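Engineer: Would you mind keeping the following structure in view while I ask a few things?
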Amino acid sequence: MIRLEKYKNNPILKPIGDGWESLCVLNPATVYDEDEKTFKMLYRAAGNDAEHYIYLGLAESKNGFDFTRVSNKPVLSPDFNGADGGCVEDPRLIKLGGYYYLTYASRTFAPGQYWKKDKKVFGFKPEYGPKFLVYNNSITYLAVSRDLVNWKKLGRITDSRYDDRDVYLFPDTVGGKFVRLSRPMEWCGKGYENENPAIWIAYSDDMLEWGKPRLLMKGETWWEDAKIGGSTPPLKCKYGYFMLYHGVAKKDGAYRVGAVILDENDPEKIIARTKDFIMEPEFEFETAGYYNGCVFPTGNCVKDGVLYVYYGAADKYVCVATADFAVLCDKIYEEGRL
């Protein structure tokens with residue numbers, strides 16, 4: 001049975017203080033900087049305000065487990081008068097040509113403390129105009145930086161008519177094209193091959209304008225029969241691209257984690273896929289929080305042959321799990337080859 005090994009001292013990052021990260025820290029994007037020999041993490045954070053404005057903070061580590069916050073201020077914040085004025089959340093991060101490229105989900109208006117039955121609703125619903133204003137849909141945006149501190153927001157990269165998140169880019173071009181995965185919530189059911197929300201793939205020449213998405217994969221087993229979505233940007237392995245994804249089960253609403261290997265030259269071709277989940281909620285910090293029963297990976301990297309998987313736990317904490325990367329990929333290929 002394939003499983004990721006959770007770090008014994010999880011969580012590795014917890015809420016602190018009484019400000020912008022006092023309520024929750026979760027869903028981190030992480031890269032390993034070979035030049036600085038440092039793990040660098042962008043993490044989602046929010047304070048205990050009714051609006052539940054969401055920010056991104058930055059932390060660093062030399063060993064992949066013990067992280068220190070770089071600043072007492074967010075490195076990326078909502079533009080309160082702009083299209084991403086409600087939140088910047090669930091970052092995914094890649095590095096290409098000396099620049100960091102960040103995809104993040106956002107809403108125009110603050111989402112409120114969404115886990116509460118009596119949560120407040122913010123914003124307005126104009127009679128005319130973009131649908132995302134009416135429903136406060138999440139849309140994915142792109143930002144670029146050279147140092148993970150100073151960011152330039154480049155605008156949205158998903159269709160504003162749909163609630164589309166779990167969006168990230170491949171760490172390399174494929175056939176001269178940039179590759180994007182996403183999970184549009186409305187693209188399912190009647191008229192679609194997938195009954196429930198699934199993972200779609202699209203291509204671009206410039207990261208901003210994207211061709212028509214095509215269905216990449218859908219849920220197949222009981223633990224992913226409500227929906228699936230991409231989790232972490234792909235990593236190169238000897239078989240192709242290794243990638244984690246998450247599945248949600250109808251029976252308990254829990255988030256679990258699976259893995260696939262995609263063809264290096266044709267990422268629409270799935271070479272292998274885990275038949276069972278490789279991580280699930282187990283401990284109290286994963287089962288009791290603001291979303292009970294959730295392990296949600298958003299960052300991964302490899303150092304000295306070890307895969308580090310960084311995930312949000314119960315929408316409240318940041319945790320990490322590891323595996324021997326080569327052995328893990330071998331097992332996925334051997335047990336899940338299609």
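Nothing in this text is a laboratory measurement; each read-out follows from the coordinates by a stated rule. Source: prediction; values computed, not measured. Heads up, the Cβs are rebuilt from the backbone with ideal geometry, glycines too, and the neighbour counts pull from every protein chain shown.
Engineer: Among Phe122, Phe39, rank each residue by its count of other Cβ atoms within 10 Å, from fewest to most, as a rough exposure measure.
Structural biologist: Lowest count first: Phe122, Phe39.
Engineer: Now for a different question. Distance in nm between label sites at Lys251 and Asn292, each 7 Å beyond Cα in the beta-carbon direction?
Structural biologist: If labels sit at Lys251 and Asn292, their model points lie 1.8 nm apart.
Engineer: Related question: Calculate for the chain the 222 nm mean residue ellipticity that helices alone would give, adding -39,500 (n - 2.57) per DSSP H run of length 4 or more and normalising by residue count, nearest 500 deg cm²/dmol.
Structural biologist: That calculation yields -1500 deg cm²/dmol at 222 nm.
Engineer: Give me the percent relative contact order of segment 229-338, please, defined on Cα pairs under 8 angstrom at least 6 residues apart.
Structural biologist: Relative contact order for segment 229-338 comes out at 23 percent.
Engineer: Here is a further query. With Cβ to Cβ distances under 11 Å as the rule, what net charge do the other residues near Gly312 carry (K, R +1; D, E -1)?
Structural biologist: Summing Lys and Arg as +1 and Asp and Glu as -1 gives -2.
Engineer: Using only the Cα atoms of segment 1-159, construct the convex hull and provide its projected area averaged over every direction, in square nanometres to one decimal.
Structural biologist: 12.1
Engineer: Using label points projected 7 Å from each Cα along Cα→Cβ, tell me how many nm separate Glu195 and Lys37, to one decimal.
Structural biologist: Distance between label points: 5.3 nm.
Engineer: Taking a quarter of the surface of the convex hull around the Cα atoms of the chain, what do you get in nm²?
Structural biologist: 16.6
Engineer: Efficiency by 1/(1 + (r/R0)^6): what FRET value for Asp118 and Thr68, r their Cβ-Cβ distance, R0 = 25 Å, to the nearest 0.05?
Structural biologist: 0.10
Engineer: Determine the shape class of segment 118-266: with a ≥ b ≥ c the square roots of the Cα gyration tensor eigenvalues, call it rounded for a/c under 1.5, and otherwise prolate if a/b is greater than b/c, oblate otherwise.
Structural biologist: It is oblate, given that a/c is not under 1.5 and a/b is not larger than b/c.
Engineer: Still on this structure: Please compute the contact order of the chain in relative form: average sequence separation of alpha-carbon pairs under 8 Å and at least six residues apart, divided by the residue count, as a percent.
Structural biologist: Computed over the chain, the figure is 16 percent.
Engineer: Tell me, what is the FRET efficiency for Arg3 and Asn81 to the nearest 0.05, using R0 = 51 angstrom and their Cβ-Cβ distance as r?
Structural biologist: According to the calculation, E is roughly 0.65.
Engineer: Can you compute the radius of gyration and Dmax for segment 158-199, using only the Cα atoms, both in Å?
Structural biologist: According to the Cα coordinates of segment 158-199, Rg and Dmax are 12.2, 34 Å.
Engineer: Oh, and also: Can you give the FRET efficiency to the nearest 0.05 for Asp147 and Glu282, using r as the Cβ-Cβ distance and R₀ = 41 Å?
Structural biologist: FRET efficiency, Asp147 to Glu282: 0.65.
Engineer: Using a 10 Å cut-off around each Cβ, can you sort Met1, Met217, Met243 from fewest to most neighbouring Cβ atoms?
Structural biologist: Ordered by Cβ neighbours within 10 Å, fewest first: Met1, Met217, Met243.
Engineer: Contour minus end-to-end for Leu96 and Tyr135, with contour as 0.36 nm per residue of separation and end-to-end as the Cα-Cα distance?
Structural biologist: 10.6 nm
Engineer: How high is the relative contact order of segment 106-255, given as a whole-number percent (alpha carbon pairs under 8 Å, six or more residues apart)?
Structural biologist: Dividing the mean separation by the residue count of segment 106-255 yields 14 percent.
Engineer: Using only the Cα atoms of segment 202-262, build the gyration tensor, take square roots of its eigenvalues as a ≥ b ≥ c, and label the shape rounded, prolate or oblate: rounded if a/c is under 1.5, else prolate if a/b is larger than b/c, else oblate.
Structural biologist: Oblate.
Engineer: Which pairs in the list Lys218/Lys275; Lys95/Lys331; Lys62/Lys152; Lys212/Lys269; Lys153/Lys269; Lys73/Lys316 are over 23 Å apart, alpha-carbon to alpha-carbon?
Structural biologist: Lys95/Lys331; Lys62/Lys152; Lys153/Lys269
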